[in-house]
Amino acid sequence: MDLPRGKNYDVSLLVGDPHEIRLVRGDITQYPADAIVNAANSELLPGGGVCGAIHRAGGPLIADECRRIRSERGSLPAGQAVATTAGRLEAKYVIHAVGPVWQGGDHGEAEMLASCYRESMCIADELKLHSIAFPAISTGIFGYPVEQAAWIAIPLLIESLRVAKNLVFVSLVLFDKTMLDVFATAAIAQRKPASGDPYEVRIGIMND
């Protein structure tokens with residue numbers, strides 16, 4: 001299965017009825033989902049990249065709740081996640097997931113990254129939400145190699161979605177087409193895993 005050249009597209013992974021994971025290029029702050037995931041830092045402070053964009057779009061209520069959580073719990077270790085209000089965003093919640101900083105791959109980065117996705121999915125399911133949107137956690141200023149991150153994220157999201165009680169729709173909202181291509185390639189390559197049920201892949205062409 002080849003990816004479209006020179007066209008905007010999305011990819012749907014049909015992992016069960018009605019469970020679906022969608023990969024799309026876009027701005028996560030504008031994406032319609034019950035919860036959007038923030039690629040947060042351990043101090044839950046507004047930062048750059050996706051984190052800064054979510055705080056700016058959502059307004060000061062998000063930072064206020066983050067400060068309260070930090071004062072009660074201290075810094076949040078990599079691999080953990082917490083939920084706050086979404087402020088002015090259309091989403092109901094922002095789930096702040098602290099990804100690992102890439103240090104070469106021999107310091108537990110893969111396990112911590114997987115935990116970010118797993119914890120975020122668990123929180124959303126416990127909140128009885130139906131949809132959640134993720135960025136590519138840790139692939140920005142934290143330096144996680146995009147291809148390796150994709151091969152962790154895709155199977156983890158499939159596994160978590162299949163056991164969820166309330167979640168039915170997961171999106172990976174990726175910043176640019178290059179990143180979408182990498183995640184889409186990983187998704188297509190894994191559609192017939194060595195263990196677990198295969199899933200159907202559909203590619204849709206989108207109007208620019």
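No value in this document is a laboratory result; all are computed from the given coordinates. As the structure is a computational prediction, the values presented were derived from the model and not from experiment. Cβ sites come from the backbone with ideal geometry, for glycine too, and all protein chains shown count toward neighbours.
Just a few scattered comments:
- Full-stretch length increase - Thr178, Ile141 - with 0.36 nm per residue and alpha-carbon distance subtracted: 11.7 nm
- For the stretch 1-134, the Rg and Dmax computed from alpha carbons only, in angstrom: 15.6, 50
- Contact order relative to length of the stretch 134-208, as percent, for alpha carbon pairs under 8 angstrom and 6 or more apart: 32 percent
- Cα-based helix-to-principal-axis angle, 177-189 vs the chain, degrees rounded to 10: 60 degrees
- For Ser171, the residues whose modelled amide H falls within less than 5 Å of its own, excluding neighbours fewer than 5 places apart on the same chain, are Arg22, Ile132, Ala133, Phe134.
- Relative to the longest principal axis of the Cα atoms of the chain, the long axis of helix 109-126 makes an angle of roughly 80 degrees.
- Nearest 10 degrees, 0 to 90: helix 146-163 Cα axis against the chain principal axis: 90 degrees
- Order of Cys66, Cys51 - criterion: other Cβ atoms within 10 Å of each residue's Cβ, fewest first: Cys51, Cys66
- Two-site label geometry, Thr185 and Asp2: point separation in nm, points 7 Å out along Cα→Cβ: 1.5 nm
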